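Notes follow the structure.
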Amino acid sequence: MEKSTKPVVNFIKAVIIILVASIIVVGTSRILVLKSEDGINQFQAFYKQPENSIDVIFSGSSKVFCDIATGVLWENYGITAYDLAGAEAPSWVSYYQLKEAFKTQKPKVICYEVSVAAMYDMLYQANNWATDNSYGMKWNSNRIDLLKIDSEEDAFYERLNPFNIMHGRYKDLNENDFTNVRNTANYKGFDPRETIVEVNTPDLCDISDIEPCTEKEDIYIRKIIELAKQENVPIILFASPYESPEEDQKILNYVRTIADEEGVEFIDFNREYDKFGMDYSKDMSDGGHLNFSGNYKFTNYFGSILKEKYDIPDHCGDKNYTSWDWDLALQNYERNNLKIKNTEDATEILTMTQNGYIVFGTNGEKAYIIDNGEVVSEGEGSFRLPYTKGEDAFLFKEWNDKGNRLISLFINDEEHIEYYGNILFIYDTVNHVFVRSIYY
């Protein structure tokens, strides 16, 4: 009897060991995978969205999640939009991402950004972008097929197992790897750029020549269009504004011929920038991406096109769509933070920080702490002002170091230090970030 039961016991033990090992592997891989806003976070948060809640899916490369401000579409038009895109994502990546998206969403419109076909001549992506564009997707045939079409044979088998790519991240893990604040239904894929870079305004009036994109891009752009038709969803192909050289424009002209052949709309916004007040000297963060001022203008104009041409409901005020209110609030704070960083007028800053900010300041006579526009603490002389807000702990104090009068603001364990003078320290309580200090 003992002999007959021993194999069964050993089998059960083996199964338990395999199950435990699988749980450890899955849990560890989730921690080790990059919490990247170049594609991974976008897809992981996409799965959190309520079924059939997204009316417009924007697909493509980083030009989508930098240039399409989902909060602007929500605030101005009540459109529930999502930026489901990946860094430098070619059309074959977008094709499989959209195939996956259609499992849970039935959008009113698909908007596919085509500039990668003009900007890059590639057959496969490098490790960093290939994994960013696939590892956010659930394990299924779409993820496997995406990795296969985006990888040379040896790279495919390496990338198939995330441990081969991510195992060296142990030493780089931080708090966000365990919490990942972007991996929620409130996140809609938008990842803006703050810098302001002056670039040349494209002069495209005389560029009518056509240069084909790669055969692979051609095939998958058409497959994206066919997929949308199969799902009975209208699709717009578009090129977001950027510093488009002549060679790029020739390829974009070719993409227009694809759209014409397939009977779908194509909008080249480099040819329409004057319609939405685009200023290439102020609205670009680099040669390829818009900054906050640029993406606001562009998205607002795009929203007007969508509302005019398609029957997209206004969901503002509907309690079933409150996650878009959160998305808007975060984007507004980020936009406001940029304005705060770029102004040297203390009066303007105090006006812009009346909601959602704590201001720590001195004026030569007094020190004070202002929370949401209200003075909550004051001090004089060699002051020391502690303050707490939620989980954040602050200490604002003056002190002497070898005859130098200094002012420090401690935020939890982080110190910001300046020489004594009329100065403001600004803290954003929504994003929990130190914005800046300014003398006035």
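Observations
- Coarse-grained scattering of region 323-399 at q = 0.15, 0.23, 0.27 Å⁻¹, given as base-10 log I(q)/I(0) from a Debye sum over alpha-carbon atoms: -0.62, -1.14, -1.26
- Counting only DSSP beta bridges whose two residues both lie in the chain, roughly 70 percent are antiparallel.
- Dipole of the chain [Lys/Arg +1, Asp/Glu -1 at C-beta], most positive-end residue of Trp326, Val255, Asn363: Trp326
- For the chain, leaving out every one of the trypsin sites (Lys or Arg not before Pro) that falls in a DSSP loop and has at most 16 other Cβ atoms within 10 Å, the longest unbroken run is 139-281.
- Counting only Cβ charges, +1 for Lys and Arg and -1 for Asp and Glu, the dipole size of the chain around its Cα centre is about 2020 debye.
- The chain: relative contact order as a whole-number percent, Cα under 8 Å and 6+ apart: 16
- Our coupling estimate for region 391-397, obtained by passing each phi through the Karplus curve with A = 6.51, B = -1.76, C = 1.60 and θ = phi - 60°, is 8, 8, 10, 10, 9, 10, 8 Hz, Gly and Pro reported as x.
- Less than 5 angstrom separates the built amide H of Ser59 from those of Cys111, Tyr112, Glu113, all sequence-distant by 5 or more or on a different chain.
- Relative to the current alpha-carbon distance between Asp345 and Ala329, full extension at 0.36 nm per residue lengthens the span by 3.4 nm.
- Extension gain from Val430 to Asn320, taking 0.36 nm per residue of separation minus the Cα-Cα distance: 37.4 nm
- Counted as membrane-span-like here are DSSP H helices of the chain whose alpha-carbon atoms extend 27 Å or more along the helix's own axis and whose Kyte-Doolittle mean is 1.0 or above; these are 2-32.
- Cα lying deepest toward the dipole's positive end in region 347-439, options His432, Asn404, Tyr419, charges on Cβ: Asn404
- Counted residue by residue at 0.36 nm each, then reduced by the alpha carbon distance between them, the extension gain from Tyr387 to Trp139 reaches 84.6 nm.
- Approximate shape of the chain as ellipsoid semi-axes (Cα gyration tensor, √5λ), whole Å, largest first: 42, 34, 20
- Each Cα pair under 8 Å and six or more residues apart adds its sequence gap; the mean of these over the residue count of region 350-429 is a relative contact order of 28 percent.
Bear in mind that the values in this text are calculations on the coordinates, not laboratory data. Note that the structure is predicted; figures quoted are calculated from it, not measured. Ideal geometry is used to build each Cβ from the backbone, glycine not excepted, and the neighbour counts take in all protein chains shown.
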